[in-house]
Amino acid sequence: MTKIETEELLDYSDVLIRPKRSTMQSRSDVEVERNLKFKWSSQQWKGVPLIAANMDTTGTFEVYNVLSKYGIVTALHKFYTPGDFKVQKSLNPNMFMVSSGISDADFERLQSILSEVSCNWICIDIANGYLSSLVTYCKKVREAFPDKIIVAGNVATREMVEELLINGKVDVVKVGIGPGSACTTRLKTGVGIPQLSAVLECSDAAHGLGGAIIADGGITCPGDVSKAFGACADFVMVGGQFAGHDQNPGEVVIDEKTGKQFKSFYGMSSKKAMETHYGKMEKYRSSEGRELRIPYKGDLNNTVLDYLGGIRSTCTYIGATSIKNMGKCLSLIHISEPTRQEAISYAVFCLK
């Protein structure tokens, strides 16, 4: 018999952050770096816990060159070849991830790349993290690379976070089914969990086992990142908001009617991605991504500074001296639908 859960679940746009008395004097007092240890890997990591998504419009060497200066990780997309990595001479092993699917060919590619470059991170990335083959592949990768920081996903519920941490032996679970701006999984399949509630549930499950999570998807503004950290995400992965810049691939396109400038951004399960990387989209598949025109934003450095400034400002409103402490200091308010629509309308207006 079909079960209906009646508990109300929330997205980032359903809440606001309640301000609290603060003794902090300046945004500059906020520590945006974190020091993290992991469940299985003996590696330690220090940096700003933001990650550029491993999409081929954001997970690139050019984006890495910008983000690494701030201590931000770039999850490089899984279509780079070993030869592409070989010509990169000065990659910081703590500041990028090598991404992998779960096929035998993916494993061979992963081995080849890691024989060419020093990298502390592996990101095992598939759209549906509920497949048993993901857990099997994660165990295989852990056996081959026992000291790497292994990330795997995507999932959105407690039980699969626990499965990946315990039986898959991963260190960090990527959380998010369908919240991304270029993702249509919720429309095509009806599957998904509102992202804020997913992050709250999955972070609780992970931290109880000594693991960590990445909140992946649904970020529309700096405030959403703060809400994700407030929901106890260890990292926040950003896609569309890190797209549309000079450092992202693709030409700037001018809309003939409005004169506005755009760049292309698309989901990695979209028809565009399938045709780009595999030559076609198989008949048994449905496109679970869309191609978007992202307003041209100029230099990526400006967006990074805007996001870091927003996080610092949130911390001063709630008395948190660091990103690490945001989950302890932050209270969320469930807002009414009219207020929510007003906030969404304003966000859309700002993007025009």
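Here volume of the Cα convex hull per residue in Å³ was calculated from the structure, and among [x] 155; [y] 143; [z] 125 it sits at label [x].
Given the peptides 226-234, 18-26, arrange them by the average over their residues of other C-beta atoms within 10 Å, most packed first. Write out the running numbers ahead of the final one.
Details: 226-234: 26.4, 18-26: 10.6.
Result, highest mean Cβ count within 10 Å first: 226-234, 18-26.
Taking packing as the residue-averaged number of other Cβ atoms within 10 angstrom, the listed peptides 291-302, 321-332 run from highest to lowest as 321-332, 291-302. The alpha-carbon atoms of region 161-265, seen along their principal axes, cover 53, 29, 24 angstrom, with the largest extent given first.
Using the Cα centre as the reference, give the magnitude of the dipole from point charges on the C-beta atoms of the chain (Lys, Arg: +1; Asp, Glu: -1; all else neutral), rounded to the nearest 20 debye.
It comes to approximately 300 debye.
Estimated from helical segments only, the mean residue ellipticity of the chain at 222 nm is -10000 deg cm²/dmol, where each DSSP H run of four or more residues counts as -39500 (n - 2.57). For a straight C-alpha distance cut-off of 23 angstrom, the lysines reachable from Lys20 (same-chain residues fewer than eight places away being disregarded) are Lys227, Lys324, Lys328. Per residue, the average separation of C-alpha pairs within less than 8 Å and at least 6 apart gives the chain a relative contact order of 21 percent. Using a probe of 1.4 angstrom and keeping all protein chains present, the accessible surface of the chain works out to 48 square angstrom per residue. For the chain, with all protein chains in place and a probe radius of 1.4 Å, 50% of the accessible heavy-atom surface sits on carbon or sulfur. Solvent exposure of Trp121, expressed as accessible area, is near 0 Å², computed with a probe of 1.4 Å over the protein chains only. Since only Ile254, Pro93, Phe145 are under comparison, the one whose Cα sits farthest along the positive direction of the charge dipole of the chain, derived from C-beta charges on Lys, Arg, Asp and Glu, is Pro93.
Ordering Ile126, Ile113, Ile102 by accessible surface, largest first, gives Ile102, Ile126, Ile113; the 1.4 Å probe counts only protein heavy atoms, with every chain in place.
The values are calculated or read from the model by the stated rules, or taken from the named source; none is laboratory data. Please read all numbers here as calculations on a predicted model, not as lab measurements. Don't worry about glycine lacking a Cβ; one is built from the backbone with ideal geometry, like all the others, and counts go over all protein chains shown. In case anyone asks, the SASA skips ligands and DNA or RNA and just uses the protein heavy atoms, side chains included. Shrake-Rupley method; radii C 1.70, N 1.55, O 1.52, S 1.80 Å.
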